[in-house]
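Structure, as structure tokens:
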């Protein structure tokens, strides 16, 4: 257990060090406190959901590992989320999928509506968190030959169009009930394993399907849509209908958010470079912060160079107000609740470190062609005591400091997780 007086002493030293550079550490912590991460519920149950939990995962999605204690019921999943949220500073949001409807009788995806998410809304109100929505276009028999909204069969397209419309109703319900805008994200797994003859036809069908889904207008105070692309996926290695460029253009032309998943790009690409190129033209961003290892493997987010570049770009270019930061990873080889905590705290740490910099002074130096100062200061900042500021932030938000949170996880394992069948 870290002693409170030691944390506060270390913070005062750090505060003075940063003040010499013109950085207000208290202001940085206040800024960080306002940022709500959107945590993904599917880390807790390996993306099984409650509609058809025995259905095999499709759409290029796979979860490895069999760590004990997986959540199998809505009550277990929300209990695990309660534990994770109690160990992460601040108030946040939780992302759901169509799969996570809690129904009174068996329903198909296209039958699920707002009434089937009352359980989640009641829980969110008690927790004081917001909810975001993702439309499930996978793990269903109607994913036919890897196609949904871009399918050549009208019956298949019509089925998934209805799923998309229902998802928007649900997201609007979240926003109205919780008083927080719900982002409704759309990602589809459509594509070809081998080289297609017709590349334009599927994209024209996708445009038509999306336009029909989005035809009804909802108050953006309650909900807003985001569209997510991908480089390729398992089973669609040669052609992805919803590519990055496709959704970039769709988002700009239709006034939607563009979702950038850190794992959906080529490993040599820096996703943070995309932000400033899109923002002057687009409505805003939805991020799925993930960690690719040899592409889209969705490892637990850590404070690595890629994450630091993402947060620096958002902070330095003043893009936080137009960016929704969501997490998206799944790892069943480790404690699933710990995965949430590690990923969320790493993201918050990276944001804080980005905020603890004399950004305006550095921008002015750059404008004056003083690249020497720019390089010297940014290098020195790497060894500044940002960890002491993070510890103070945790202390102020009544969450464990350092690795103390791991004790809570281990106790929860003994008391709850390891007793699950």
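Each value in this text was obtained by applying a stated rule to the coordinates, not by laboratory testing. Computed from a prediction, not measured in an experiment: that's the story for all the values here. Because the Cβ atoms are built from the backbone with ideal geometry, glycine has one as well, and the counts that use them run over all protein chains shown.
Checking a compactness column here: for the chain, what do you get for Rg(Cα) / (2.2 N^0.38 Å), N being the number of residues?
1.00
I'd like the Kirkwood hydrodynamic radius of region 139-262, using the inverse of the mean 1/r over distinct C-alpha pairs, in Å.
Averaging 1/r across every pair of different Cα atoms and inverting gives 14.9 Å.
If we count other beta carbons within 10 Å of each Cβ, what is the order of 173, 159, 100, 67, fewest first?
67, 159, 173, 100
Region 210-356: D in µm²/s via Stokes-Einstein (Kirkwood Rh, Cα pairs, 20 °C, 1.002 mPa s)?
Here the translational diffusion coefficient equals 133 µm²/s.
Select from 222, 368, 324 the residue whose mean-square fluctuation is largest in a Gaussian network model of the chain (Cα-Cα springs shorter than 10 Å).
368
Quick one: what Rg and Dmax do you get for region 153-222 from the alpha carbons, in Å?
14.9, 48
So what is the relative contact order of region 36-357, in percent, for Cα pairs below 8 Å that sit 6 or more residues apart? List each step's numbers first, then the result.
Numbers: 644 pairs, mean separation 63.2, N = 322.
Reported as a whole number, the value is 20 percent.
Under 10 Å, Cα contacts only: if you run a Gaussian network model on the chain, which one of 242, 201, 130 comes out with the highest mean-square fluctuation?
Ranking 242, 201, 130 by mean-square fluctuation puts 201 first.
Sort 415, 108 so that the residue with the fewest other Cβ atoms within 10 Å of its own Cβ comes first and the one with the most comes last.
Lowest count first: 415, 108.
Can you work out D for region 54-173 in µm² s⁻¹ from Stokes-Einstein, where Rh is the Kirkwood radius over C-alpha pairs, the temperature is 20 °C and the viscosity is 1.002 mPa s?
Using the Kirkwood radius from Cα pairs, D works out to 135 µm²/s.
I want to verify a result. In a Gaussian network model of the chain, Cα cutoff 10 Å, which of these has the top mean-square fluctuation: 399, 241, 227?
Judging by the Gaussian network model, the answer is 399.
When Rg is the radius of gyration of the Cα atoms in region 266-421 and Rh is its Kirkwood radius, what does Rg/Rh come to?
Numbers: Rg = 18.2 Å, Rh = 17.7 Å.
Computed over Cα atoms, the ratio is 1.02.
Please sort 388-396, 189-197, 112-120 by packing, taking for each peptide the average over its residues of neighbouring beta carbons within 10 angstrom, highest first.
388-396, 112-120, 189-197
Please report the antiparallel percentage of the DSSP beta bridges confined to the chain, to the nearest 5.
Values: 5 of 35 bridges.
Counting only bridges with both partners in the chain, antiparallel ones make up about 15 percent.
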